[in-house]
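Data block below; observations after.
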Ligand SMILES: [Fe+2]
Ligand SMILES: [Fe+2]
């Protein structure tokens, strides 16, 4: 049984009235045998923030390795750094940003939420794609010259990490609260489905073989939720 099926997301009554935004009381849980039933909005926000937590863990691993290199504690672990870049490419850019744009941000635009907030998020995603291309290029150059002292990649990686963590904070502190106030429950059902956990190439049900070095560092089956 999938998580969505267990929560009966398809049949869950509206958590909020689209017209008034008032909470709609739910009398009968759709799954009486399950503890702690959740509203679609809670499931969706939990999944989005779960993605963020997992991304933050990967960025922390990247930062820890960069600091160890700078301190002379270890040589560069290129397979590990390649796996981190692959995770960012597959999950942050390929999954997370794509689904935010096609589902969450599109719904906010359609429902008349703050256009400025939506534009800010889209601008951050575009900037992220540009910075990531530069990061990959710097990483390739470093691998060609592994003895390079103070490689530009480390500074670019630190900048990329700071930008992404700042974007996550913006989404959780500003964007998502606005979305919760604006979007009806029917939108949150679609958003919760779009942000399934299984698509995570590191913590999901079908880990990417090329992420094994990162898998070893972070451990398996410990995704944030
Ligand atoms: Fe985003
Ligand atoms: Fe996000």
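The values are calculated or read from the model by the stated rules, or taken from the named source; none is laboratory data. Quantities reported herein were computed from a predicted structural model and do not represent experimental measurements. Cβ placement follows ideal geometry from the backbone for every residue including glycine, while neighbour counts extend to all protein chains displayed.
Annotations for the structure displayed:
- Residues of segment 187-198 satisfying the condition of being assigned to a helix (DSSP H, G or I), more than 14 Å from ligand 2 (Cβ to nearest atom) and closer than 27 Å to residue 60 by Cβ: 192, 197, 198
- Among the conditions (1) at pLDDT 95 or above; (2) surrounded by 15 or more Cβ atoms within 10 Å (Cβ to Cβ), the only one that residue 114 does not satisfy is (1).
- Looking only at segment 62-79, and only at residues there that are buried (at least 18 other Cβ atoms within 10 Å of the Cβ) and in contact (Cβ under 8 Å) with a residue 24 or more places away in the chain, the one that is nearest to ligand 2 (Cβ to nearest atom): 62
- Any chance residue 95 is within 16 Å of ligand 2 (Cβ to nearest atom), at pLDDT below 95 and either farther than 30 Å from residue 144 by Cα or under 18 Å from the mean Cα position of the chain (by Cα) (or both): yes
- Residue in segment 164-186 that is in contact with a strand residue (DSSP E or B) (Cβ under 8 Å, 6 or more places away or on another chain) and assigned to a helix (DSSP H, G or I) present: yes
- Among the residues making up segment 47-61, those that are within 16 Å of ligand 1 (Cβ to nearest atom) and surrounded by fewer than 19 Cβ atoms within 10 Å (Cβ to Cβ) are 49, 50, 53, 56.
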